[in-house]
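Below: the structure, in structure tokens.
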Amino acid sequence: MSDKIISEYKYGFKDPEEYIFRSKKGLSRETIEEISWIKMEPEWMKRFRLKAYEIFISKPMPSWGPDLSELDFNDIYYYIKPVDKKGASWEDLPTYIRNTFEKLGVPEAERKYLAGISAQYESESVYNNLKKRWENQGVIFVDTDTAVREYPELVKQYIGTVVPPQDNKFSALNSAVWSGGSFIYVPKNVHVDIPLQAYFRINAQNAGQFERTLIIAEEGSYLHYIEGCTAPIYSTSSLHSAVVEIIVKRGARVRYTTIQNWSSNVYNLVTKRAFAYEDSIVEWVDGNLGSKVSMKYPSVYMYGKGARAELLSVAFAGKGQHQDVGGKVLHLAPYTSSNIISKSISKDGGRSSYRGLVYIDSLAEGSRASVRCDALIFDEYSRSDTYPTMKIRNNNVLLSHEASVSKITEEQLFYLTSRGLTNLEANAMLVRGFIEPIAKEFPLEYAVELNRLIKIQLEETIG
Amino acid sequence: MLDIEDLHVEVEGKEILRGINLYIEKGKIYAIMGPNGTGKSTLAYTIAGHHRYKVNKGRILFKGKDITNLSPTERARLGIFLAFQYPIEIPGVTVASFLRTILNIKENISLVKFNKLLKEKMSLLEIEEGFAKRYLNDGFSGGEKKKCEILQMALIEPEVVILDEIDSGLDVDALKVVSNGIKRVFNSNMSIIIITHYSRILNYIEPDFVYVMMNGKFVASGKKDLVNAIEERGYEWLEEVNSNV
């Protein structure tokens, strides 16, 4: 990796690798027992992990998608505990960790516009806070380890019900070694009208991060959850393999926004899924930048009549990156509707793929689904593919699918530069315009950040 | 202001401009007329610095500085502005955000000030308010595109403005609005070059000097009476006169 790239990935700085405990490299039954023991978990959770481990071993690597042949499961630290005790305030944390999150702008965001925040460093949540106002209304926002201790009944009831360990190799892996992540419970009719945010940071070399997020939105409730992720740059690979499970009950609405900006050595293999019940709304808004390989297909299973799913995503694949992203919508009840909009940008040999599934069940009378994939390709070395799958089992439905591939034209660049924009500014403006339909769905601060990150990516090759 | 000396330009291997000399004075309006395909737009693109237009001979000076090899960005920042015959669509970027970006290059003004300025310039061109929220040139009618070019000009007040066929595709009412807009933006620090096939826009904006271009050269120059002669007799007579040289 060239120095140039290192200097331009703004979040590529590293802290010293200090930790309280780090498991041995590689994965074994002993490692999992050790993680469970350190966390002083109840027996049922240990059993959940061990069973998942067996499933993980029995499943082959997925071969239908990106190349994962360089991913070596034995070359990863599965559990790194950075601090002894979680901070009650940012001041309680070791200076280097606090500085890291300061540099990432996390405490500032908390003060300015969030209802609550959780910060995860390596395997553990190091800081977690929910503003009193929401706590008083019965909202729960803790890391998932704490939830296992403090709300075992809720966790037991829901964990693994939306994404079971046997779903895929990486959901099995996460179930076996998970640590951290957010647990959110929003009681009936409570509207958390400003966002909750979690920030995930990998610092150590060869580290794995396996957070587990579980969100339960009771009837008529509202939640907007935002997650952000970064890591420093090492020449060896890191693995981020999260599982996110969301249960959205009747008339509730959950919006899940991600801005992922992993460094280019991270394998990002994530399973995200929501169950949507009657008249509920689930929105996945996803900005995928960075990482070496991303495989991410946020899904919505619409079990209730009138449920609605929105999947909006932007992916940017630069040099040596493969963004294999998309989404799945399953229409399993009448009058459900879904809308998928995917925008991808490929540059300098990067590859982006849209992989999606629309399934409309025979029971899903009167449902409608629309899929739109737009790709912007910068040069002849880059690549964009779409793999749309449609399985339609009911004739009384409305379905639309559109796809486009575009390039930035010389005439567009001339027009903009003739107005005084530099070549880089002109390119950035055109990309900004291309993703605008998605970017406008992000909260303002995050849309600005998304555009800034894209400009940084462009800067690497456009002077 | 702008001094073009013996300019020879080729496009994709074909010589289009064959020795253009033109001196543009501050505070004056110029008209360059001529039939289609004689090199008028080539001259416009060359002044703006499009890389496909290769200068084989001659040079362009702006305030005494040779700009022949500058990028379009640098030329724009010096104060040269080209209103396109076919403005380019930029989906996803609103007119307002685009205008703010290009104005910010020149001077940093607050959002409040910008909004006030924008409103003022839009009413000058009889543009309705919702226009600023639309995506730049995306789905605009011919007239809207042209108005938007003049709106950009009105905001950044460049020193040299080249209007490439600004009158094409405009009906009489739109032509009036656009012409009036141009006249009101025009000031003694600005020079305007109107490139046109037809004389009708020159009935609204009176040029100080008129040049006629044919086959990559100026074949006639004069004042308003030259426009009248072309309006009456077309370009053929000039071609004949010229072929005898």
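Observations on the model:
- So residue A:314, is it touching a Pro at 6+ places or on another chain (Cβ under 8 Å) and either open to solvent by less than 10 Å² (accessible area, probe 1.4 Å) or in contact (Cβ under 8 Å) with a residue 40 or more places away in the chain (or both): no
- Any hit, the stretch A:396-413, residues being within 11 Å of another protein chain (Cβ to nearest Cβ), more than 30 Å from residue A:333 (Cα to Cα), at pLDDT 95 or above and surrounded by 16 or more Cβ atoms within 10 Å (Cβ to Cβ): yes
- For residue A:422, the criteria (1) at the interface with chain B (Cβ under 9 Å from one of its Cβ atoms); (2) open to solvent by less than 40 Å² (accessible area, probe 1.4 Å) hold in every case but one, which is (2).
- When the residues of the stretch A:57-67 are filtered to those that are open to solvent by 70 Å² or more (accessible area, probe 1.4 Å) and touching a residue at least 60 places away in the same chain (Cβ under 8 Å), the one that is farthest from residue A:17 (Cα to Cα) is A:60.
- Top-ranked residue in the stretch A:425-436 [being under 23 Å from the mean Cα position of the chain (by Cα) and facing chain B (nearest Cβ under 8 Å); ranked as least open to solvent (accessible area, probe 1.4 Å)]: A:435
- The listed residue being modelled with pLDDT under 95 and open to solvent by 20 Å² or more (accessible area, probe 1.4 Å), out of B:12, B:5, B:25: B:12
- Checklist (1) out of contact with any strand residue (DSSP E or B) (no Cβ under 7 Å at 6 or more places or on another chain); (2) over 30 Å from residue A:64 (Cα atoms) applied to residue A:433, failing item: (1)
- Number of positions in the stretch B:101-123 that are open to solvent by 60 Å² or more (accessible area, probe 1.4 Å) and closer than 25 Å to residue B:139 by Cα: 4
- Residue match in the stretch A:333-346 (condition: open to solvent by 30 Å² or more (accessible area, probe 1.4 Å), touching a residue at least 60 places away in the same chain (Cβ under 8 Å) and of a type outside the set (D, E, K, R)): yes
- One residue stands out in the stretch B:139-183 among those that are open to solvent by 40 Å² or more (accessible area, probe 1.4 Å) and within 24 Å of residue B:63 (Cα to Cα): the one that is farthest from the other protein chains (Cβ to nearest Cβ), namely B:183.
- Residue A:171 in contact with a strand residue (DSSP E or B) (Cβ under 7 Å, 6 or more places away or on another chain), polar (S, T, N, Q) and at pLDDT below 95: no
- Of the residues making up the stretch B:101-112, those that are closer than 16 Å to residue B:157 by Cα, part of a helix (DSSP H, G or I) and either among the aromatic types (Phe, Trp, Tyr) or more than 9 Å from every other protein chain (Cβ to nearest Cβ) (or both) are B:103, B:104.
- Residues of the stretch A:68-100 that are at pLDDT 85 or above, open to solvent by 70 Å² or more (accessible area, probe 1.4 Å) and touching a Phe, Trp or Tyr at 6+ places or on another chain (Cβ under 9 Å): A:70, A:92.
- When the test is whether a residue is assigned to a loop (DSSP other than H, G, I, E, B), open to solvent by 10 Å² or more (accessible area, probe 1.4 Å) and among the polar types (S, T, N, Q), residue B:68 passes it.
- Beta carbons closer than 9 Å, at least 6 apart along the sequence or on distinct chains, pair a first residue in the stretch A:16-37 that is under 20 Å from residue A:173 (Cβ atoms) and without any contact (Cβ under 8 Å) to a residue 60 or more places away in the chain with a second that is part of a loop (DSSP other than H, G, I, E, B) and open to solvent by 30 Å² or more (accessible area, probe 1.4 Å) for A:30/A:24; A:34/A:24.
- Residues being β-branched (Val, Ile, Thr), closer than 18 Å to residue B:32 by Cβ and out of contact with any Leu (no Cβ under 7 Å at 6 or more places or on another chain) - total across the stretch B:162-181: 1
- Here the strands (runs of 3 or more DSSP E) wholly within the stretch A:179-241 that include at least 1 residues being out of contact with any Phe, Trp or Tyr (no Cβ under 7 Å at 6 or more places or on another chain) and among the aromatic types (Phe, Trp, Tyr) are A:182-186, A:196-201, A:222-230.
- The combined condition, being surrounded by fewer than 21 Cβ atoms within 10 Å (Cβ to Cβ), of a type in the set (Lys, Arg) and at pLDDT 95 or above, is fulfilled by residue A:156.
- For the stretch A:446-454, the criterion of being crowded, with 21+ Cβ neighbours inside 10 Å, closer than 19 Å to residue B:101 by Cα and facing chain B (nearest Cβ under 9 Å) is met by no residue.
- Looking only at the stretch B:89-100, and only at residues there that are open to solvent by 30 Å² or more (accessible area, probe 1.4 Å) and either within 14 Å of residue A:415 (Cα to Cα) or part of a loop (DSSP other than H, G, I, E, B) (or both), the one that is farthest from the other protein chains (Cβ to nearest Cβ): B:89
The values are calculated or read from the model by the stated rules, or taken from the named source; none is laboratory data. Being a predicted model, the structure only gives us computed values, none of them experimental. A quick note on method: Cβ atoms are made from the backbone with ideal geometry, for glycine too, and the neighbour counts reach across all protein chains shown. To get the accessible areas, we keep the full protein, side chains included, count just its heavy atoms, and leave off ligands, DNA and RNA. Shrake-Rupley method; radii C 1.70, N 1.55, O 1.52, S 1.80 Å.
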